[in-house]
Amino acid sequence: MKSYKTELKWALLFTGMMLSWMVMERLVGVHDIHIDKHVIVTNLIAIPAIAIYVFALLDKRKRDYNGYMSYKQGVVSGFVITLIVTVFSPLTQIITSTIISPDYFTNMIEYSVESEKMTRNEAENFFNLQSYLKQVVIGTPIMGFITTIIVAFFTKKTKS
């Protein structure tokens with residue numbers, strides 16, 4: 001069986017980055033006082049997320065493929081990273097929701113209702129741990145696979 005130490009390393013770094021990002025969001029107030037800016041700030045996570053995939057595939061190419069990596073090898077490596085991150089995503093969400101920002105759901109429900117973006121029932125059905133666990137288990141592999149397909153194209157390097 002092939003060694004996936006590189007993928008595990010980068011999946012754990014990705015997971016750590018996600019938790020760090022959530023701490024940062026909480027500290028700058030987008031989980032409470034500046035919750036109206038949450039949708040903008042939270043989407044910026046795409047920048048470090050994509051960067052980690054780039055660094056991961058470049059590391060894979062250098063360490064495991066002697067400086068050369070086909071598109072297929074990059075895709076496989078990225079998919080493995082994505083699968084590992086997906087496995088950790090429920091735990092990451094639980095840590096975020098219960099330790100890092102335990103008032104986030106309550107705050108989002110109140111903000112959504114007060115700003116008339118949702119009814120109370122809609123907001124309560126969307127902003128809760130069960131809903132977010134479903135979202136991360138579905139969304140993580142989708143976003144990871146899309147990122148992988150693109151990043152693998154730019155990180156491939158074949159012998160001339």
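Testing Phe145 on (1) surrounded by fewer than 19 Cβ atoms within 10 Å (Cβ to Cβ); (2) more than 14 Å from the chain's Cα centre (by Cα); (3) aromatic (Phe, Trp, Tyr), one condition comes back false. Which one is that?
(2)
So is Val137 surrounded by 16 or more Cβ atoms within 10 Å (Cβ to Cβ), of a type outside the set (Phe, Trp, Tyr) and modelled with pLDDT of 95 or more or not?
Working: surrounded by 16 or more Cβ atoms within 10 Å (Cβ to Cβ): no; of a type outside the set (Phe, Trp, Tyr): yes; modelled with pLDDT of 95 or more: yes.
Answer is no for this residue.
In region 36-84, what count of residues is obtained for those that are polar (S, T, N, Q) and in contact with a helix residue (DSSP H, G or I) (Cβ under 6 Å, 6 or more places away or on another chain)?
Residues flagged as polar (S, T, N, Q) and in contact with a helix residue (DSSP H, G or I) (Cβ under 6 Å, 6 or more places away or on another chain) within region 36-84 amount to 2.
Examine region 90-97 for a residue that is more than 19 Å from Arg26 (Cβ to Cβ) and among the aliphatic types (A, V, I, L, M), and state whether such a residue exists.
Taking every residue of region 90-97 in turn, none turns out to be more than 19 Å from Arg26 (Cβ to Cβ) and among the aliphatic types (A, V, I, L, M).
Just wondering, is there one or more residues in region 86-104 that are among the hydroxyl-bearing types (Ser, Thr, Tyr), farther than 18 Å from Phe153 by Cα, surrounded by fewer than 15 Cβ atoms within 10 Å (Cβ to Cβ) and at pLDDT 95 or above?
So far as region 86-104 goes, yes, one or more of its residues are among the hydroxyl-bearing types (Ser, Thr, Tyr), farther than 18 Å from Phe153 by Cα, surrounded by fewer than 15 Cβ atoms within 10 Å (Cβ to Cβ) and at pLDDT 95 or above.
If the Cβ limit is 7 Å and pairs must be 6+ apart or interchain, which residue in region 137-160 that is of a type outside the set (Gly, Ala, Ser) pairs with which residue that is assigned to a helix (DSSP H, G or I) and at pLDDT below 95?
none
Anything in region 100-122 that is assigned to a loop (DSSP other than H, G, I, E, B) and of a type outside the set (Gly, Ala, Ser)? List them, or say none.
If the condition is that a residue be assigned to a loop (DSSP other than H, G, I, E, B) and of a type outside the set (Gly, Ala, Ser), then Pro102, Asp103, Glu116, Lys117, Met118, Thr119 are the ones that fit.
The values are calculated or read from the model by the stated rules, or taken from the named source; none is laboratory data. This structure is a prediction, so every number in the text was calculated from the model and none was measured. With ideal geometry, Cβ positions are generated from the backbone for all residues, glycine too; neighbour counts draw on all protein chains shown.
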